[in-house]
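These notes concern the structure reproduced below.
The values are calculated or read from the model by the stated rules, or taken from the named source; none is laboratory data. Here the structure is a predicted model, which means the values were calculated and not measured. Note: ideal-geometry Cβ built from the backbone for every residue, glycine included; neighbour counts use all protein chains shown. Keep in mind that these areas ignore ligands, DNA and RNA; they rest on the heavy atoms of the full protein, side chains included. Shrake-Rupley method; radii C 1.70, N 1.55, O 1.52, S 1.80 Å.
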Amino acid sequence: MEQQTLFGEADTRPLAARIRPQTLEEFVGQHHLLGEGKVLRRLIEHDQIASMIFWGPPGVGKTTLARIIAGRTKATFIDFSAVTSGIKEIRQVMQQAEENRRFGERTIVFVDEIHRFNKAQQDAFLPFVEKGSIILIGATTENPSFEVNGALLSRCKVFVLQALTTDDLTMLLGRALTDPRGFGRQKIVIQPDMLEAIANFANGDARTALSTLEMVVLNGEADGDTVTITPETLTQCISKKSLLYDKTGEEHYNLISALHKSMRNSDPDAAVYWLARMLEAGEDPLYIARRVTRFASEDIGLADSRALEVSIAAYQACHFIGMPECSVHLTHAVVYLSLAPKSNALYMAYESAKKDALTQLSEPVPLVIRNAPTRLMKELDYGKGYQYAHDTADKLTDMQCLPDSLLGREYYRPTEQGLEAKYKTRLEQIKTWKRQHRG
């Protein structure tokens, strides 16, 4: 049965558009912002709306909430897309907003995907936001700290919208089945656990949940005005989950951070999960292999030098055979690194040395360890007194290799983890020998 509009014609809009919430009471989710007494709800109820940025994943209600605010505050609502608009369109919208202001009307300009605007386009909003010609509500799936100009961001309150919970989505799906704007005029036979399965599949995205429900109903078994949803139909419609991932955005860095920190925490199960999340969402396996190789020396180092060998081997395997076959090689490396003893001594050594290197750039190389390929250099004492360690019985010398100002500085401080304990003992023996033979 087709849904009818007030004028008797079929409403062919997608389900998500037909049942878009019109009031705060209909809005689902974001209880941390819109619950009784919460900050955003108070601002809306007291009509104290200022420019703001809604930051959150797709399908959590950013556009819907902006429309509700416009309706609640009796403001003119202008929907503005960063994908299809430029400076010319911005100026036209601002002119319209200025005319509205002269007649005492407020204008809410909603900019979807505001992160897609370049700096000049974002700056075009600034003077109008500052003098109150418009209330700017921007929506973005990217971290506004990186994607929105500082000047504009400082004039907007950022509200973080969260992915909807399974309970939120299940309630939304149930409403879609009873709301006349949805499937309320039809008899839909669907089991509660099927609604929960759709909610889980949607991964926090209301639009995905409603689109999936619509597909399930349209493919259900019809008998007169009754549509029955079978397990087979549901399985076909949710056979492939679309993973939230942006290979150039914040989620990209969130997931690689999760992998890195899971390995550091010696949690192979979590590490393999985050690895799978990235690979199945289309991440370049060579990127992951490079990050894993970095981890091998940064977080394991000499505690188990085999970690670097395994990582390089995994990188080469990824290069040779690619996805999906190389997933097991990356899993091999990730599990090995998760279980290996941990030491960040090499990382700390370099960072400490880097600090001195940057602040003491003019320190000369000691003459004793300079090369002397010419006669003049030899006359200037380049290489004078150099001791060739291989010519000594212990293969050690007491020669000074650091500049005078850094004499005695220690950068590498080995731990007792894994094989590094052996290198720590060796280093202590070397230092003891040098102290005994110095001078």
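The table that follows gives values for the structure above.
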| item | result |
| --- | --- |
| Residue pairs meeting the criteria (Cβ under 6 Å; at least 6 apart or on separate chains; first without any contact (Cβ under 8 Å) to a residue 24 or more places away in the chain, in region 375-388; second small (Gly, Ala, Ser) and in a loop (DSSP other than H, G, I, E, B)) | Lys378/Ala372; Tyr382/Ala372; Gly383/Ala372 |
| Unmet criterion (only one of (1) modelled with pLDDT of 95 or more; (2) touching a Gly at 6+ places or on another chain (Cβ under 8 Å)) for Ile369 | (1) |
| Residue that is at pLDDT 90 or above and open to solvent by 100 Å² or more (accessible area, probe 1.4 Å), where the choices are Gln417, Gln429 | Gln429 |
| Test: Ala82 is open to solvent by less than 20 Å² (accessible area, probe 1.4 Å) and either at pLDDT 85 or above or aliphatic (A, V, I, L, M) (or both) | yes |
| Selected residue (criterion: surrounded by the fewest Cβ atoms within 10 Å (Cβ to Cβ)) from residues of region 135-153 that are under 25 Å from Ile44 (Cβ atoms) and aliphatic (A, V, I, L, M) | Leu153 |
| Residue in region 370-385 that is open to solvent by less than 70 Å² (accessible area, probe 1.4 Å), under 30 Å from Arg290 (Cα atoms) and either outside any helix (DSSP H, G or I) or out of contact with any Lys or Arg (no Cβ under 8 Å at 6 or more places or on another chain) (or both) present | no |
| Answer residue from region 307-349, given it is among the charged types (D, E, K, R) and surrounded by fewer than 16 Cβ atoms within 10 Å (Cβ to Cβ) and is farthest from Val272 (Cα to Cα) among those | Glu309 |
| Single unsatisfied condition, Val335 versus (1) modelled with pLDDT of 95 or more; (2) within 22 Å of the chain's Cα centre (by Cα) | (2) |
| Tabulated pairs, region 123-139, first on the phi > 0 side of the Ramachandran plot, second open to solvent by 30 Å² or more (accessible area, probe 1.4 Å) and not aliphatic (A, V, I, L, M), C-beta under 8 angstrom, 6+ apart or interchain | Gly132/Arg101 |
| First in region 17-43 and touching a residue at least 60 places away in the same chain (Cβ under 8 Å) and of a type in the set (S, T, N, Q), second anywhere and part of a loop (DSSP other than H, G, I, E, B) and open to solvent by less than 50 Å² (accessible area, probe 1.4 Å), Cβ under 7 Å, 6 or more apart | Gln30/Gly61; Gln30/Leu161 |
| Candidates Ser352, Ser262, filtered to the one that is within 27 Å of Glu416 (Cβ to Cβ), crowded, with 17+ Cβ neighbours inside 10 Å and hydroxyl-bearing (Ser, Thr, Tyr) | Ser262 |
| Evaluation of Phe77 against (1) open to solvent by 40 Å² or more (accessible area, probe 1.4 Å); (2) modelled with pLDDT under 85; (3) hydrophobic (A, V, I, L, M, F, W, C); (4) out of contact with any helix residue (DSSP H, G or I) (no Cβ under 8 Å at 6 or more places or on another chain) (one fails), failing number | (4) |
| Answer from Asp404, Asp356, Asp398, Asp394 - the residue that is touching a His at 6+ places or on another chain (Cβ under 6 Å) and on the phi < 0 side of the Ramachandran plot | Asp398 |
| Total residues in region 277-293, condition in a helix (DSSP H, G or I) and surrounded by fewer than 21 Cβ atoms within 10 Å (Cβ to Cβ) | 8 |
| Breaking point among (1) modelled with pLDDT of 85 or more; (2) surrounded by fewer than 21 Cβ atoms within 10 Å (Cβ to Cβ); (3) closer than 22 Å to Leu33 by Cα, for Gln191 | (3) |
| Residues satisfying the stated conditions in region 154-176, i.e. surrounded by fewer than 18 Cβ atoms within 10 Å (Cβ to Cβ) and aliphatic (A, V, I, L, M) | Val158, Val160, Met171 |
